[in-house]
Amino acid sequence: MLPRKAAASAIAPICPFGISIGNHITAIPSVPGLATLEIDSQAAAQAYCDLIVDQVRGVLPETVVKGIEEQLSGAWSGFLEEGKGDASCLGPLAGLEKQREQYKAAVDALANKTSTRLVLVARAQQATLREVARTHEELAAVGFQHQYLVINGILPRTETGNDPLAAAIHERERTALNAIPEALKALPCDELMLWPGDANGQRRCR
């Protein structure tokens, strides 16, 4: 699964398997058992919130609807556990409770280290590593404790030659890696060197 933060980071145009990847599960014919799914996480979350709110708008008091909107943007479970709303809310709230159970089941499956490996991918850049550290802490806070880190696209020293720009990039990357955020130091980590060419096709992806 490849969550993404913005359309600019879409991987569909650079899919290494030569097929289109979008917001639906797509099997990879050349790799039995492998399927892909590209998720625009922010758009998907907003669409889900809108769906839930639309179901209760006009049925519940507007103050309750606003409370649901607030909880969907934060601690949803607390709203249901505190039982906010009067008796007329029981039906819609029961529907939300079912959705919460599905959400919890999904989170539990993703947090299960025997069935899911959560891999954080970053470049050897200070800003990127800080963002990944923040993501790591947020995911750990909701139960995703078993995480792995991949530092991708590192420029090898052997490729710098007499090129001062390449040497500067290499030194900048080493400086960033030497100052890796404390939150990431305990994670299992792989470093992948910059690939001299396109990473297209099953053989190269291996």
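The values are calculated or read from the model by the stated rules, or taken from the named source; none is laboratory data. None of these values were measured; they are calculated from a predicted model. All Cβ positions, glycine included, derive from the backbone under ideal geometry; neighbour counts span all protein chains shown. Each accessible area value is taken on the protein alone, full model and side chains, heavy atoms only, with ligands, DNA and RNA left out. Shrake-Rupley method; radii C 1.70, N 1.55, O 1.52, S 1.80 Å.
Among the residues of segment 111-160, which ones are outside any helix (DSSP H, G or I), free of Cβ contacts under 8 Å to residues at least 12 places away in the same chain and open to solvent by 60 Å² or more (accessible area, probe 1.4 Å)?
Answer for segment 111-160, where residues must be outside any helix (DSSP H, G or I), free of Cβ contacts under 8 Å to residues at least 12 places away in the same chain and open to solvent by 60 Å² or more (accessible area, probe 1.4 Å): ASN112, THR114, SER115.
Of everything in segment 181-197, what is over 20 Å from the mean Cα position of the chain (by Cα) and open to solvent by less than 80 Å² (accessible area, probe 1.4 Å)? Give them in sequence order.
Across segment 181-197, the qualifying residue is only GLY197.
Of the residues that sit in segment 1-41 and are part of a helix (DSSP H, G or I) and surrounded by fewer than 13 Cβ atoms within 10 Å (Cβ to Cβ), which one is modelled with the highest pLDDT?
Within segment 1-41, the subset part of a helix (DSSP H, G or I) is 7-9, 12-14, 41.
Okay, now just the ones that are also surrounded by fewer than 13 Cβ atoms within 10 Å (Cβ to Cβ), so 7-9, 13-14, 41.
On the way: ALA7: 48, ALA8: 45, SER9: 49, PRO13: 49, ILE14: 48, SER41: 68.
Among residues in segment 1-41 that are part of a helix (DSSP H, G or I) and surrounded by fewer than 13 Cβ atoms within 10 Å (Cβ to Cβ), the one modelled with the highest pLDDT is SER41.
Any residue at all in segment 60-78 that is open to solvent by less than 80 Å² (accessible area, probe 1.4 Å), in a loop (DSSP other than H, G, I, E, B) and at pLDDT below 75?
yes
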